[in-house]
Amino acid sequence: MTSTARVAEPLAAQALDYLNLDNLFTTEELALRDRVRAFVDERVRPNIADWYATATFPRELVKEFAALGLLGMHLKGYGCAGRSAVEYGIAAMELEAGDSGIRTFVSVQGSLAMSAIYKFGSEEQKQHWLPGMAAGDLIGCFGLTEPTAGSDPANMVTEAVRDGDGWVLNGAKRWIGLATIADVAIIWAKTADGIRGFIVPTSTPGFTATAIEPKLSMRASIQCDISLVDIRLPGDAVLPGATGLKGPFSCLNEARYGIMWGAMGAARDSYETFLRYALERRQFEQPIASFQLTQQKLVDMVLEIQKGVLVALQTGRLKDAGTLRPEQISFGKLNNVREAIAICRTARTILGGNGITLDYSPLRHADNLESVRTYEGTDEIHTLIIGRAITGIPAFG
Ligand SMILES: Cc1cc2nc3c(=O)[nH]c(=O)nc-3n(C[C@H](O)[C@H](O)[C@H](O)COP(=O)(O)OP(=O)(O)OC[C@H]3O[C@@H](n4cnc5c(N)ncnc54)[C@H](O)[C@@H]3O)c2cc1C
């Protein structure tokens, strides 16, 4: 036995769950975590470096996500699993320990596209779309951002005008996850009554999606430009329950909530990679984990990961209790993504040169988190939301 192993063994449990946070989860929650973790170990980890290198989204996983009940998993009925917010968060954390792009699929499908139909759709719309989406037979996307309207979607130019009983849509969307493989797009557009959401089958003439590439982040995931030219839709394509930005924002809040958990998954995976490496790798005739400077890094990571999981869990319990406020989601999204990216970058340093290869996860996670800190509200926008909540003064512009 090497001295490295003697150091590693007694610390293992404490190193992974320092504050015994597992005690805060129910048996069911832990069982779900273990199922998703096993799926990620078996189906994502062995392949993710290839998918990332070749910028491939593994479409073959979609039916497997569905079989695990992960698509629209916190929605009730319509073939959805009806799990709690905490369970949804746990699944997001485990998926993102594999890769942010994998978790992003589940977020776009469930929290954005399905959630828009679930919250604001008519009964007919829900019956028509949700079961197929929950089963992974239909893929959805969510088009809010535009080439000239990102943080400020109120300034969107995409417009829907009445045409007899129906509608005609014109405009453009940018950064829309999954659009090239989607069967249906939720498109947010200006109307005479304010911003409304439309259910647009992607086979509709005038709908074109083009993948944005090459990307330096989220490479195992698809984001697209969408062009909308004279898209003709029936009158019942509009989501009846949403007028104004409250509609898309309430879907974004679902996704932002999952992100605060997901980011901690990427951070945990980076930390564990770092810890294993630091215990094995020797320089100056000692494991690099024995240097004070390395231990400082490890300790800072443990502190922030454990705190981040506590933030996510408290937010999830508030969500399950029905008392969560949107600005509380901003707190978790801002904090956890910011801490996660710092953790992943620090983990990369300890891997030395090996850390810039795809053999190790931390730099891939950090690169992905560049996207995660931008989408679903940038760091700056969440700072402004929290600032407004604590001062009562909006400082957006
Ligand atoms: C990988 C990825 C996936 C995405 N998926 C989707 C999707 O599926 N659907 C969708 O609709 N959109 C999606 N987006 C778009 C995403 O939500 C936007 O990129 C994000 O809202 C920021 O908009 P922007 O890129 O236009 O940046 P901008 O809004 O132009 O912001 C540029 C910079 O200015 C800062 N800024 C803006 N306003 C202020 C202010 N008032 N005060 C201080 N600073 C400010 C921002 O914080 C940022 O740093 C995705 C983006 C990425 C990168």
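Bear in mind that the values in this text are calculations on the coordinates, not laboratory data. None of the values given here were measured: they were computed from a predicted structure. Glycine gets a Cβ as well: all are built from the backbone with ideal geometry, and neighbour counts include every protein chain shown.
Based only on other Cβ atoms within 10 Å, what is the fewest-to-most ordering of Lys333, Lys246, Lys319?
Lys246, Lys319, Lys333
Determine the alpha carbon to alpha carbon distance for each of Lys63/Lys126; Lys190/Lys333; Lys119/Lys173; Lys246/Lys297; Lys76/Lys215 and list only those over 31 Å.
Going by Cα-Cα distance, Lys246/Lys297; Lys76/Lys215 fall outside the 31 Å limit.
I need the calculated FRET efficiency for the pair Thr349 and Asn23, taking r as the beta carbon distance and R₀ as 41 Å, to the nearest 0.05.
Efficiency at R0 = 41 Å is approximately 0.80.
Can you list the equivalent-ellipsoid semi-axes of the stretch 300-364, largest first and in whole Å, using the square root of 5 times each Cα gyration tensor eigenvalue?
Each semi-axis is √(5λ); the values are 31, 10, 9 Å.
With the contact rule set at Cα under 8 Å and sequence spacing of 6 or more, what percent relative contact order holds for the chain?
Over the chain, the number comes to 17 percent.
Can you give the Rg to Rh ratio of the stretch 155-220, both from alpha-carbon atoms, with Rh computed by the Kirkwood formula? Don't skip to the answer; put the middle values down first.
Values: Rg = 13.5 Å, Rh = 13.3 Å.
Answer for the stretch 155-220: 1.02.
Quick one: if the Förster radius is 30 Å, what FRET efficiency do Glu64 and Ile390 give, using the C-beta to C-beta distance and rounding to 0.05?
0.10
What three numbers, in Å, describe the spread of the alpha carbons of the stretch 257-356 along their principal axes, ordered from the longest?
Ordered largest first, the stretch 257-356 gives principal extents of 55, 22, 16 Å.
What fraction of the Cα pairs in the stretch 51-151, stated in percent, has a spacing above 24 angstrom?
Roughly 23 percent, rounded to a whole number.
Using modelled amide H (1.01 Å from N, peptide plane; none on Pro or chain starts), what sits under 5 Å from the amide H of Cys224, excluding residues fewer than 5 places away?
Residues meeting the criterion, in which the H sits 1.01 Å from N, are Trp175, Ile176, Gly177, Leu178, Ala179, Ile212.
Hey, can you grab everything whose amide H is under 5 Å from the amide H of Cys80? Only 5+ residues off in sequence or another chain; H modelled, so Pro and N-termini drop out.
For Cys80, whose amide H was placed from the backbone, there are no distant partners under 5 Å.
Compute the FRET efficiency between Lys215 and Leu318 as 1/(1 + (r/R0)^6), taking r as their Cβ-Cβ distance and R0 = 22 Å, and round to the nearest 0.05.
Plugging the Cβ-Cβ distance into 1/(1 + (r/R0)^6) gives 0.05.
Quick one, can you get me the convex hull of the C-alpha atoms of the stretch 336-396 expressed as volume per residue in Å³?
Each residue corresponds to 78 Å³ of Cα convex hull volume.
Just rank Leu95, Leu144, Leu363, Leu358, fewest to most, by other beta-carbon atoms within 10 angstrom.
Ascending number of Cβ neighbours within 10 Å: Leu358, Leu363, Leu144, Leu95.
So what's the Cα pair-distance distribution over the stretch 15-90, bin width 10 Å, in %?
Calculated over all Cα pairs of the stretch 15-90, the distribution is 17, 39, 31, 13, 0 percent.
Could you calculate, for the chain, the ratio of the Cα radius of gyration to the Kirkwood radius, expressed as Rg to Rh?
0.99
Excluding Leu95 itself, calculate the net charge of residues whose Cβ lies under 10 Å from the Cβ of Leu95, where each Lys or Arg counts +1 and each Asp or Glu counts -1.
Here the charged neighbours net out to -1.
For a quick check: sort Asp152, Asp236, Asp99, Asp165 by the number of other beta carbons within 10 angstrom, fewest at the front.
Asp165, Asp152, Asp236, Asp99
Relative to the present Cα-Cα distance, how much length would full extension add between Gln286 and Leu30 at 0.36 nm per residue of separation?
Working: separation 256, 0.36 × 256 = 92.16 nm, distance 3.68 nm.
Here the segment from Gln286 to Leu30 would lengthen by 88.5 nm.
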